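Please treat every number below as a calculation from the coordinates, not as lab data. These figures come from a predicted structure and were not determined experimentally. Here the Cβ positions follow ideal geometry from the backbone for every residue, glycine too, while neighbour counts run over all protein chains shown.
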């Protein structure tokens, strides 16, 4: 295996070549074929806009504001979603009680909750966080429920024989570790969905700053090169969240799946 290839056999050079090729094609199409920056700004225009935004410094305030909105929503989704998923997966009666309500609310798009977000929380960071919460909470509930529902009964019976008789101890020491891969998958999906809801959450003027807010602001000014800058930032930050989460989960919580030892 090449030294430049990762542990999973992937060669980072192929990804770099693909990105470089995409930039060249993008530049050619924008400059030679389209010839109209409002329709498709060239990568060179986008880079110049990025340098200009860095010099102004507001881009850092936008990033800080968006991260506050995002972590409010995701934090609430974790606090609400994981306990609900646990009790639904552990108790058939509670599942029968809660599941119809969950299935009724789950198909409603997060954007449909914007009027109530404004009425309940006003034009505040909690309004944006609420929209992100609505998008993120259901993947967490469903995957946590699936993980706990799929815990083999033999694990619980074996734990009882070894003295683990209290329900809380069974959940903590038996069910939760067994369900952790599914719970982690739910959190990963929720992180992506919540981040995608960020633009809509900031669209209705909860703040003068934010990645989503500035994206629409620059669109109203027809500065599409700046719009693309914020689109790329949203993509890169979302990718960073996913990579960090996967690394932490694989290296610390689920390393037993790969046979690693401490």
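By the Cα gyration tensor, the range 162-201 has an equivalent ellipsoid whose semi-axes, rounded to whole angstrom, run 34, 9, 4 from largest to smallest. Can you tell me the relative contact order of the chain? Whole percent, Cα pairs under 8 Å, sequence separation 6 or more. About 23 percent, as a whole number. Please compute one quarter of the surface area of the Cα convex hull for the range 58-189 and express it in square nanometres. Across all orientations, the range 58-189 yields a mean hull projection of 9.6 nm².
Directionally averaged projected area (the range 1-120, Cα convex hull): 14.7 nm². Highest mean first, the peptides 209-216, 173-180, 231-238 sorted by other C-beta atoms within 10 Å per residue fall in the order 209-216, 173-180, 231-238. Highest mean first, the peptides 194-201, 55-62, 76-83 sorted by other C-beta atoms within 10 Å per residue fall in the order 194-201, 76-83, 55-62. Computed over the range 61-126, the alpha-carbon pair-distance distribution with 10 angstrom bins reads 17, 38, 32, 12, 2, each value a whole percent. Between the helical axis of 211-220 and the dominant principal axis of the chain, each derived from Cα atoms, what acute angle in degrees is found, rounded to the nearest 10? That works out to roughly 30 degrees. Kirkwood-type hydrodynamic radius, the range 176-220: 12.2 Å, calculated from all non-identical alpha-carbon pairs. Considering only the Cα atoms of the chain, their convex hull presents on average a projected area of 18.9 nm². Computed on the Cα atoms alone, the convex hull of the range 99-144 gives a volume of 70 cubic angstrom per residue. With contacts taken as Cα pairs under 8 Å and at least 6 residues apart, the range 4-94 reaches a relative contact order of 11 percent.
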